[in-house]
Amino acid sequence: MTSGVTVIDAWARPPLTPTGAGAVYLTVVNKTSNADRLVGVKTNAANRAQLHTHILTDGIARMRRVDGIPLKAGGTIKMKPGGFHVMLMRPAAAIKEGAHFALTLVFERAGEVEVQVQVRNATASGTGGHDAHGK
Ligand SMILES: [Cu+2]
């Protein structure tokens, strides 16, 4: 399905504790000439998935749930540590390093876009991967 809205570089951080929440980071690319809006997220890999952002309040980063994330015509949404992310509440035990799972993003205009998410090391920065450990 070529909706004109694609998702690239989707990866997840597994929960730091067995009962904790995981987070997904990805980049949405809008190749259409229409503005859109990311309004929801679905996955079988967690009890619940939510769109979150980080807000700096008095020097302390806090997470807050958002109803939607605007996507400009020809624009991108970059989800990365410290900013927008998909929060996985009570993720499945299978969410561990090296695994993959399916995530569906719901857009107001483009509809549903499914993406495969790669689970990386919890301490990975998001660039570099395993090789970044060596020095
Ligand atoms: Cu969060």
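The values are calculated or read from the model by the stated rules, or taken from the named source; none is laboratory data. These figures come from a predicted structure and were not determined experimentally. No Cβ is skipped: glycine too gets one built from the backbone with ideal geometry, and neighbour counts run over all protein chains shown.
Scan region 61-93 for residues that are farther than 14 Å from Tyr25 by Cα and not hydrophobic (A, V, I, L, M, F, W, C) and jot them down. Let's see the steps before the verdict.
Filtering region 61-93 for residues farther than 14 Å from Tyr25 by Cα gives 61-68, 70-75, 89-93.
Arg62, Arg64, Arg65, Asp67, Gly68, Pro70, Lys72, Gly74, Gly75, Arg90, Pro91 - these are the residues of region 61-93 that are farther than 14 Å from Tyr25 by Cα and not hydrophobic (A, V, I, L, M, F, W, C).
Please go through region 1-23 and pick out each residue that is in contact with a Lys or Arg (Cβ under 8 Å, 6 or more places away or on another chain) and on the phi < 0 side of the Ramachandran plot. Give the derivation first.
So the first thing to find is which residues in region 1-23 are in contact with a Lys or Arg (Cβ under 8 Å, 6 or more places away or on another chain), and the list is 4-6, 11-14, 19, 21-23.
Within region 1-23, Val5, Thr6, Trp11, Ala12, Arg13, Pro14, Thr19, Ala21, Gly22, Ala23 qualify.
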Checklist entry - In region 111-135, how many are modelled with pLDDT of 95 or more and not in a strand (DSSP E or B)? => result 0
Item to check | Pair list, Cβ < 7 Å and 6+ apart or interchain, from region 58-72 residues that are within 16 Å of the ligand (Cβ to nearest atom) to residues that are of a type in the set (A, V, I, L, M, F, W, C) and assigned to a loop (DSSP other than H, G, I, E, B) | outcome: Ile69/Phe84
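Could you check region 76-110 and list, in sequence order, the residues that are of a type in the set (Lys, Arg), modelled with pLDDT under 95 and either touching an Asp or Glu at 6+ places or on another chain (Cβ under 9 Å) or surrounded by 18 or more Cβ atoms within 10 Å (Cβ to Cβ) (or both)? Please lay out each step first, then the result.
Taking region 76-110 as the starting set, the residues that turn out to be of a type in the set (Lys, Arg) are 78, 80, 90, 96, 109.
Adding the requirement that they be modelled with pLDDT under 95 leaves 80, 90, 96.
Matches in region 76-110: none.
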Item to check | Hits in region 75-105 (condition: more than 15 Å from the ligand (Cβ to nearest atom), assigned to a strand (DSSP E or B), within 21 Å of His54 (Cα to Cα) and not charged (D, E, K, R)) | outcome: Thr76, Ile77, Leu105
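Quick check, is Thr17 farther than 17 Å from Val117 by Cα, within 16 Å of the ligand (Cβ to nearest atom) and not aliphatic (A, V, I, L, M)? Explain how you work it out, then say what you get.
Values: farther than 17 Å from Val117 by Cα: yes; within 16 Å of the ligand (Cβ to nearest atom): yes; not aliphatic (A, V, I, L, M): yes.
So Thr17 passes the test.
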